[in-house]
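Read the structure below first, then the notes.
The values are calculated or read from the model by the stated rules, or taken from the named source; none is laboratory data. Not measured: the values here are computed from a predicted model. Positions of Cβ are generated from backbone atoms using ideal geometry, with glycine treated the same way; all protein chains shown enter the neighbour counts.
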Amino acid sequence: MVTQNTVVTFHYDLREADGTFIESSRDLGPVTILHGHGNVIAGLEEALAERSAGDRFSVMVPPASAYGERIEGMMKRVSKKHLRCKGKLKPGVQALITHTNERVVVVKVGSKMVDVDLNHPLSGRTLEFAVEVLSVREADAAEIAHGHVHRPGGDAH
């Protein structure tokens, strides 16, 4: 059963409240977290509590328990050389500011500089997670001390 300091492996399908598909872990592989350590958004972590391997459930997570409300005016101008994204930089594309690891959304692209929205791309949205719990195990002492799951064979810190 999922409780504090258990390692949970699960798949999820993520949609907006209106049913619009966002992403699925089935495309990249299951997610494994140390429960109770904030390794996923609060609303999903709360919904996983007391679940067991084999459980399937859906949960609606409001912005306050997900990525927060959007904050107007959270813009920044960044040099193109500090942005990484799939494909071409254009308005609406998600990018990563390489030196801060911030996920941003491109608003305007100039010849050398790009205006980006610093709000998380999913901020302000109510999210629906369809979850399948694959496995649950007790965390080991090192995982608990470090606050995250270690890969088989340990984790180099």
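Quick look at the values:
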{"quantity": "Test result for Ser65, surrounded by 15 or more Cβ atoms within 10 Å (Cβ to Cβ), under 19 Å from Glu23 (Cα atoms) and modelled with pLDDT of 95 or more", "calculated": "yes"}
{"quantity": "Extreme residue, modelled with the lowest pLDDT, among residues of region 99-157 that are among the hydroxyl-bearing types (Ser, Thr, Tyr) and under 17 Å from Val40 (Cα atoms)", "calculated": "Ser123"}
{"quantity": "Strands (runs of 3 or more DSSP E) contained entirely in region 1-41, each with at least 1 residues that are over 29 Å from Ala145 (Cα atoms) and in the same structural domain as Ala130 (by TED's automatic domain parsing)", "calculated": "6-16, 21-24"}
{"quantity": "Answer residue from region 100-130, given it is touching a Phe, Trp or Tyr at 6+ places or on another chain (Cβ under 7 Å) and aliphatic (A, V, I, L, M) and is farthest from Cys85 (Cα to Cα) among those", "calculated": "Ala130"}
{"quantity": "Enumeration of residues in region 46-78 that are part of a strand (DSSP E or B) and among the acidic types (Asp, Glu)", "calculated": "none"}
{"quantity": "One residue from Gly29, Gly54, Gly110, Gly73 being surrounded by fewer than 15 Cβ atoms within 10 Å (Cβ to Cβ), in contact (Cβ under 8 Å) with a residue 60 or more places away in the chain, out of contact with any helix residue (DSSP H, G or I) (no Cβ under 6 Å at 6 or more places or on another chain) and small (Gly, Ala, Ser)", "calculated": "Gly54"}
{"quantity": "Answer residue from region 76-101, given it is farther than 14 Å from Met113 by Cα and in contact with a strand residue (DSSP E or B) (Cβ under 7 Å, 6 or more places away or on another chain) and is surrounded by the most Cβ atoms within 10 Å (Cβ to Cβ) among those", "calculated": "Val93"}
{"quantity": "Matching residues in region 5-25 - criterion: being within 13 Å of Ala47 (Cα to Cα) and surrounded by fewer than 17 Cβ atoms within 10 Å (Cβ to Cβ)", "calculated": "none"}
